[in-house]
Amino acid sequence: MRITDATLTPLHLTLAHPLKTARGTYATRDGFLIRLRDEDGRVGQGEAMPLPEFGTEPLTLTHTVLRAWLSSLKGQSLEDSIEGIEATLVPSASEELRQRGARIRLIDTGEPVPAAQHGLELALLDLLAQRKGVPLCWLLAEEARQEVLVNALLGAEEPAALARQAEEAVAEGFQTLKVKVAGRSLDEDEARVRAVREAVGPRVRLRLDANGGWSEPEANRALDRLGWYDLELVEQPTPPEDLQALWRVQRRAPCLIAADETLATPAAVRTLLTMDLGGGPAVGAVVIKPMVLGGLLPSMVVALRAAHLGMHAFVTSSIDGVVARAGAAHLASALPSGELASGLAVGRLFADEPRDHPYQPHGGLVRLRDEPGLGLNPDLLWDR
C-alpha cells in the first residue's frame, strides 16, 4: 500500500465530571488523531492519547514524533501485511524485514513513545484491514469474537449516589461494575463498596481499582475487609514498581489481583511475565492498555504470554477517545478468553462524545460490525 496523505489533528476531550483516582483527578484529555490515505482513497485512523503518569511519553514528545513519522510516510509504499507494519514501527526489526516491508525508516527517538506508536500502528492496521476487506480483529486472531463483554465504571463519590449509579448500570444490562478505591479512608471505601453490593445483589460482578494507592500492609487490610463483598478482582492494589509486594498480596487475597500500572514499562512487563517466585503466576490477571503498551500488536503478545502462564487478561482504555477504544475493542475480541469484562464503556464520561458511533455498549456488550477495518466513518470524528 502506498501512503498518499498523512495528517495529524489535535484532539481535546472534556469529561462531563472530573474522574478521581488514587493517582490524580482528570477533567480533560489531549492527544492526536492520525489519518492515513492510500492510493485507492481508503482512510485508516489512529489515535495517540498519552497518559505520562501511566507510563507513556509526554504530549509534546508525542506531537514531535508523530509529525516526523507522518512526514516520512507520505508517498511511501509499505507491504500489505502485519510484518510490513512491524518492519515500519519496530526499531529492532531485522534489516531484511525492513527492506521487504518498507522503504523508509522511522526516526528512533531513543526513548519509548508508546502513545505515538499506538496511534500510527492503529491507523496502519485499520488501513491494512480495509485493504483486505476484513474487520481489524481478524488480523489479530481468526477466532475473534463479535461481542466484547464490558464493565461499567461508577464514578460517584457518595455511597447513595454510587448505589444509584450501580442500579442504573445493571438496568442497562451491565453485569460487571467497577469502583475506584484507595483515594480516601478505608472506612469510606467500605461504605461505598457496601452500598454498591447491597444495591445490585450477589450476582453482579464487582471489581475495584486502587491505582497503586495502597502500601502492601494497607492493601492486605483493605482486602481483608472489602473481600467480604464478594469481589471479582482488584486492580493494582500496591505501588506498581514493587512486583514482589503484588505477588505477596495475590497469595493471600480473596480474589484475583490484576496488574495494571505495573505494566508501564517494557522492562516491568518482561519481569512480570518471566519472574519465578514459585506457587504459580505473579498475579491472577493483567490489564492490557494498548496506549501504554505501544499498540495492539505488542498488547496481543503480552496477552498471549500471560495466558500461557495461567493469567487472565482484559483490555481497558486509558481514558481515550472513540478511535482508540475502537481499536481496543478489536483487541479484546481477539484475546484468548473473553471471560473478564473489558473497561471500554467509558464514552459516557465525556461531554463531547460523538453520537451514534458503533462502539457504544448495549446490554453490557460492545458488538463488532462485520465491516472492514475499524468501520468508523472519518467524518464522524474529524468534522467536529
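Could you please state, rounded to a whole Å, how far the C-alpha centre of segment 143-211 is from the C-alpha centre of segment 317-332?
If we compute the Cα centre of each part, the gap is 21 Å.
Sequence gap at least 6, Cα distance under 8 Å: using those rules, report the relative contact order of segment 147-367 to the nearest whole percent. Let's see the in-between values first.
Working: 411 pairs, mean separation 47.4, N = 221.
This gives 21 percent for segment 147-367.
Contour minus end-to-end for ASP30 and ASP379, with contour as 0.36 nm per residue of separation and end-to-end as the Cα-Cα distance?
123.7 nm
Using the heavy atoms of the protein chains and a 1.4 angstrom probe, tell me the accessible area per residue for the chain in square angstrom. Please report the intermediate quantities before stating the final value.
Values: 15540 Å² over 384 residues.
Using a 1.4 Å probe on heavy atoms only, each residue of the chain averages 40 Å².
Starting from the 7 Å offset along Cα-to-Cβ, what nm value, one decimal, do you get for the label separation of ARG131 and HIS17?
4.6
Using r as the Cβ-Cβ distance of GLU167 and THR7, and R0 as 56 Å, what FRET efficiency do you calculate, to the nearest 0.05?
Working: r = 44 Å, r/R0 = 0.79.
According to the calculation, E is roughly 0.80.
Relative contact order of the chain: what whole-number percent is it, with Cα pairs under 8 angstrom and at least 6 residues apart? Intermediate results must be reported in sequence, preceding the final value.
Values: 835 pairs, mean separation 76.4, N = 384.
Worked out over the chain, it gives 20 percent.
From the C-alpha coordinates alone, can you work out the Kirkwood hydrodynamic radius of segment 147-367, in Å? Show your work: numbers first, answer last.
Numbers: mean 1/r = 0.0572 Å⁻¹.
Taking the inverse mean of 1/r over all distinct Cα pairs, segment 147-367 comes out at 17.5 Å.
Just tell me which lysines come within less than 29 Å, Cα to Cα, of LYS74; anything on the same chain fewer than 8 places away is out.
Cα-Cα hits under 29 Å: LYS132, LYS289.
Using mean Cβ contacts within 10 Å as the protection proxy, how do 208-214, 5-11 order, highest first?
Details: 208-214: 24.0, 5-11: 16.3.
Those peptides, ordered most packed to least, come out 208-214, 5-11.
So if the hydrodynamic radius of segment 113-155 is defined as the Kirkwood radius over C-alpha pairs, what does Stokes-Einstein give as its diffusion coefficient at 37 °C and 0.692 mPa s, in µm² per second? The partial results should precede the final answer.
Details: Rh = 12.4 Å.
In µm²/s, the coefficient rounds to 265.
The values are calculated or read from the model by the stated rules, or taken from the named source; none is laboratory data. As the structure is a prediction and not an experimental result, all values here were calculated from the model. Backbone-built Cβ (ideal geometry, glycine too); neighbour counts: all protein chains shown. These accessible areas exclude ligands, DNA and RNA; they are computed on the full protein's heavy atoms, side chains included. Shrake-Rupley method; radii C 1.70, N 1.55, O 1.52, S 1.80 Å.
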